[in-house]
Amino acid sequence: MQSDDSNWEALLLGFALIFTVMLGVSYGVSMLFRIPVPWFVVLIVSVVVTLGLRFLRGRQRA
């Protein structure tokens, strides 16, 4: 039987990976196009993407 702790760990790991990748992409975009991308926007988009993927995955299981 699995505990619920692994779900939270996976969620936090997924968020960390998505945030890191998006931060790198936003840095590349800001350097290439000279458009500043605020880190707060990257944070909010990362949270939305992480929660969206979690809910989509939950619907596929049911």
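Some points to look at:
- Remark: residue 34 matches the filter, which requires a residue to be at pLDDT 90 or above, open to solvent by 80 Å² or more (accessible area, probe 1.4 Å) and among the basic types (Lys, Arg).
- Restricted to the range 37-62, and to residues there that are in a helix (DSSP H, G or I) and farther than 20 Å from residue 10 by Cβ, the residue that is least open to solvent (accessible area, probe 1.4 Å) is 42.
- Pair list, Cβ under 6 Å, 6 or more apart: the range 35-55 residue in contact (Cβ under 8 Å) with a residue 60 or more places away in the chain and of a type in the set (A, V, I, L, M), other residue open to solvent by 70 Å² or more (accessible area, probe 1.4 Å) and assigned to a helix (DSSP H, G or I): none
The values are calculated or read from the model by the stated rules, or taken from the named source; none is laboratory data. All figures in this text were calculated on a predicted structure; none of them were measured in a lab. Cβ coordinates were reconstructed from backbone atoms using ideal geometry, including for glycine residues, and neighbour counts include every protein chain displayed. The area values use the complete protein model at the heavy-atom level, side chains included, leaving out ligands, DNA and RNA. Shrake-Rupley method; radii C 1.70, N 1.55, O 1.52, S 1.80 Å.
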